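The structure appears below as structure tokens.
The values are calculated or read from the model by the stated rules, or taken from the named source; none is laboratory data. This one's a predicted model, so the numbers in the text were calculated from it and none came from an experiment. Note that each Cβ is placed from the backbone with ideal geometry, even for glycine, and that neighbours are counted across all protein chains shown.
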Amino acid sequence: MPAFTDEEVLETFLTPTQAKILELRAKGYTQAQVAQILGTTRANVSITESRARKNIQKAARTLELFNKIGAPLMIEVGRGEDIFNVPKKVFACATECGIKVKENTLSLIEKIEREAKRKLNGRVVREDIRITILKDGRVIVD
């Protein structure tokens, strides 16, 4: 029994075939097995799965942009700054705006290291980083 209905799929950026392939792959089937189940080629499954994942990534970026549009707070972290000093800055600004950040000091530093890795040299910022604090306290690092 599928985890979704055709009507649910029609309200997404996925086609019914893409959704079915992703569902089968999530259950551990290989592309060859999925192709056999759907009566198609492995190459077709590969292409369809790739397009589905691109659609999902694009939808995620769209949602992130939408969230940023109404974000009450953006903090620029400039070149030469130590990322260990960033959480204090973020928490102070968020408090001024009445926002409770959904990160602690350590998780915020880890998030910066993970999401802006190419902009860092160790713990020093080598390319400006933008931190967006959403109304609900979530943090986006660019």
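Considering only the range 115-135, I want to know if a residue exists there that is touching a residue at least 12 places away in the same chain (Cβ under 8 Å) and either assigned by TED's automatic domain parsing to the domain that holds Thr17 or within 30 Å of Glu23 (Cβ to Cβ) (or both). Scanning the range 115-135 turns up at least one residue that is touching a residue at least 12 places away in the same chain (Cβ under 8 Å) and either assigned by TED's automatic domain parsing to the domain that holds Thr17 or within 30 Å of Glu23 (Cβ to Cβ) (or both). Of everything in the range 93-123, what is among the acidic types (Asp, Glu) and exposed (fewer than 14 other Cβ atoms within 10 Å of the Cβ)? Give them in sequence order. If the condition is that a residue be among the acidic types (Asp, Glu) and exposed (fewer than 14 other Cβ atoms within 10 Å of the Cβ), then Glu96, Glu110 are the ones that fit.
Taken together, the residues in the range 60-77 that are assigned to a helix (DSSP H, G or I), without any contact (Cβ under 8 Å) to a residue 60 or more places away in the chain and of a type outside the set (A, V, I, L, M, F, W, C) amount to 2.
Given the options Glu96, Glu115, name the one that is acidic (Asp, Glu) and within 18 Å of the chain's Cα centre (by Cα). Break it down into steps so the answer makes sense when it comes.
Working: Glu96 fails: within 18 Å of the chain's Cα centre (by Cα).
Matching residue, one of Glu96, Glu115: Glu115.
So, Thr48, is that one in a loop (DSSP other than H, G, I, E, B) and polar (S, T, N, Q) or not? No: the conditions fail for Thr48. Within the range 78-93, the set of residues being under 13 Å from Ala116 (Cβ atoms) and not in a loop (DSSP other than H, G, I, E, B) comprises Ile83, Val86.
For Lys88, the conditions (1) exposed (fewer than 13 other Cβ atoms within 10 Å of the Cβ); (2) farther than 16 Å from Lys111 by Cβ; (3) not hydroxyl-bearing (Ser, Thr, Tyr) are fulfilled apart from (2).
Just one of (1) at pLDDT 95 or above; (2) assigned by TED's automatic domain parsing to the domain that holds Val101; (3) surrounded by 13 or more Cβ atoms within 10 Å (Cβ to Cβ) fails for Leu22. It is (2). The residues of the range 39-82 that are assigned by TED's automatic domain parsing to the domain that holds Thr132 and more than 21 Å from the chain's Cα centre (by Cα), listed by number, are Gly78, Arg79, Gly80, Glu81, Asp82.
Within the range 86-97, identify whether any single residue is without any contact (Cβ under 8 Å) to a residue 40 or more places away in the chain and closer than 30 Å to Leu22 by Cβ, and answer yes or no. Within the range 86-97 (the criterion being without any contact (Cβ under 8 Å) to a residue 40 or more places away in the chain and closer than 30 Å to Leu22 by Cβ), the answer is no, since none of the residues qualifies.
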